[in-house]
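Below is one structure, written out as structure tokens, with a few remarks after it.
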Amino acid sequence: MTQIACQQCDLLHQEIELPPGGTALCSRCKAPLYRSTPHGLERALICTVISIVLFLLANTYPIVGLELQETRNATTLFSSVVYLYQHDLESVAALVFTTTLLIPSVELAAMLYILLPLRLGYVARGLPQVLRLVQTIHPWGMIEVFMLGIIVSVVRTANFATVEPGLALWSFAMLMVTLIASAFYFNERDLWACVKAHSPDPQSPTAAPGGPA
């Protein structure tokens, strides 16, 4: 039987069959070992596709509309980055661009590259490397921090101007929900089991690098 080490205390456990939705806990420190997520990869794919649509909407339409003394302005996320860059705030512009545009787009594209071929019945080339990329860049995606900054700015600006939330703002809010749902349903243990099932050579490096997470 497969043995699984607790990531918190390194205690080895024998893998057991879980009921749908169940979670195995470490017998020593009670940390989660693995969980059963029926149809988790399919649901993660659906959430990823929805997230991509919302991300495109969030970066196409204005975030907020601002009206002050009969003057109305609306800005998108990219135009905000350009504004920061043009006003000698290159480092801030680079940070905003990287954490709210570049990394989320790469992460979403990578997740789609991983999950869609599996749904179609084959394993994408270079899947372990792409998954490793997702794990590396994921902590640097800061859409939640960006949303918090927008909310604070809107509340403070509303004291002296008329602020109308744009479609992009609502898209960003829904994007946070779909990203959380995608992360919840995405189970690396199920992923490698699916990769092994669709791999022509179960002993190949693509089929099971590192075993179940």
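The values are calculated or read from the model by the stated rules, or taken from the named source; none is laboratory data. Since we're looking at a predicted model, the values are computed, not measured. Quick reminder, even Gly has a Cβ in these numbers, built from the backbone with ideal geometry, and neighbours come from all protein chains shown.
Of the conditions (1) touching a Ser or Thr at 6+ places or on another chain (Cβ under 9 Å); (2) over 30 Å from Glu17 (Cα atoms); (3) modelled with pLDDT of 90 or more; (4) surrounded by fewer than 18 Cβ atoms within 10 Å (Cβ to Cβ), Ser105 clears all except one; give me its number.
Among (1) touching a Ser or Thr at 6+ places or on another chain (Cβ under 9 Å); (2) over 30 Å from Glu17 (Cα atoms); (3) modelled with pLDDT of 90 or more; (4) surrounded by fewer than 18 Cβ atoms within 10 Å (Cβ to Cβ), Ser105 violates only (1).
Mind checking which pairs have a first residue in region 165-188 that is under 12 Å from Phe146 (Cβ atoms) and a second that is among the acidic types (Asp, Glu), Cβ under 8 Å, 6 or more apart or different chains?
Met176/Glu144
Matching residues to (1) outside the structural domain of Ala44 (by TED's automatic domain parsing); (2) at pLDDT below 90; (3) of a type in the set (Asp, Glu):
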{"site": "Ile63", "(1), (2), (3)": "no, yes, no"}
{"site": "Glu70", "(1), (2), (3)": "no, yes, yes"}
{"site": "Val81", "(1), (2), (3)": "no, yes, no"}
{"site": "Tyr85", "(1), (2), (3)": "no, yes, no"}
{"site": "Arg119", "(1), (2), (3)": "no, no, no"}
{"site": "Gly126", "(1), (2), (3)": "no, no, no"}
{"site": "Leu131", "(1), (2), (3)": "no, no, no"}
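Can you report the number of residues in region 9-22 which are surrounded by 12 or more Cβ atoms within 10 Å (Cβ to Cβ) and under 24 Å from the mean Cα position of the chain (by Cα)?
Of the residues in region 9-22, 1 are surrounded by 12 or more Cβ atoms within 10 Å (Cβ to Cβ) and under 24 Å from the mean Cα position of the chain (by Cα).
Identify all residues within region 31-49 that are within 18 Å of the chain's Cα centre (by Cα) and hydrophobic (A, V, I, L, M, F, W, C); write none if there are none.
Matches in region 31-49: Leu41, Ala44, Leu45, Ile46, Cys47, Val49.
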